[in-house]
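I have placed the structure first, in the form of structure tokens, so that the comments after it can refer back to it.
The values are calculated or read from the model by the stated rules, or taken from the named source; none is laboratory data. Not measured: the values here are computed from a predicted model. Glycine gets a Cβ as well: all are built from the backbone with ideal geometry, and neighbour counts include every protein chain shown. What goes into the accessible areas is simple: the full protein's heavy atoms, side chains included, and nothing from ligands, DNA or RNA. Shrake-Rupley method; radii C 1.70, N 1.55, O 1.52, S 1.80 Å.
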Amino acid sequence: KQEVGLRLALWALAKVYGRAVEYSGPVWDDLQIQGDTVRLRFTHAQGGLVAQGEAVQGFALAGEDRTFYWADVAQIEGQTVVLRSAQVARPVAVRYGWAINPACNLYNRAGLPAVPFRTDTWPGVTEQAR
């Protein structure tokens, strides 16, 4: 309850009272693919991104076959995260925090966690293909 109250207070300070405080964790903004490497850009990442722990976790990549594999390489570079997976030679989609109780540890310098996201629009396992 305390964490929820803190987040709501930050949002109110920024949006209602116009204070210059960070009120959100990193939000995925842009995807760039170059060969086997994906670069993700985030908003709400002023001052850079950080991982709580030794290495960034929670990112999965998929190729045209739509099979997701956890990223072998996940490196923070300023307001971006660079990803690669040995199992995905030509990535086309990325998901973060998109699993049952995933290990996710990407934060901004304000200590707020990144928002889960997916870059694809593929039907989920509970949806029927049309």
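Quick notes on this structure:
- Enumeration of residues in the stretch 25-39 that are more than 13 Å from Arg95 (Cα to Cα), open to solvent by 20 Å² or more (accessible area, probe 1.4 Å) and touching a residue at least 24 places away in the same chain (Cβ under 8 Å): Ile33, Gly35, Asp36, Thr37
- Hey, Phe68 surrounded by 15 or more Cβ atoms within 10 Å (Cβ to Cβ) and either in contact with a Phe, Trp or Tyr (Cβ under 7 Å, 6 or more places away or on another chain) or over 27 Å from Val125 (Cβ atoms) (or both) or not: no
- The residue that is farthest from Gly58 (Cα to Cα), among those in the stretch 89-101 that are assigned to a loop (DSSP other than H, G, I, E, B) and either in contact with a Ser or Thr (Cβ under 7 Å, 6 or more places away or on another chain) or open to solvent by less than 40 Å² (accessible area, probe 1.4 Å) (or both), is Pro91.
- Enumeration of residues in the stretch 114-126 that are open to solvent by less than 40 Å² (accessible area, probe 1.4 Å), under 11 Å from Val27 (Cβ atoms) and not aliphatic (A, V, I, L, M): Phe117
- Pairs where the first residue, in the stretch 40-57, is open to solvent by 50 Å² or more (accessible area, probe 1.4 Å) and the second is hydroxyl-bearing (Ser, Thr, Tyr) and part of a strand (DSSP E or B), C-beta under 6 Å, 6+ apart: Arg41/Thr80; Gln52/Tyr107
- Some residue of the stretch 79-88 being open to solvent by 50 Å² or more (accessible area, probe 1.4 Å), within 17 Å of Thr119 (Cα to Cα) and either modelled with pLDDT under 95 or not aliphatic (A, V, I, L, M) (or both): yes
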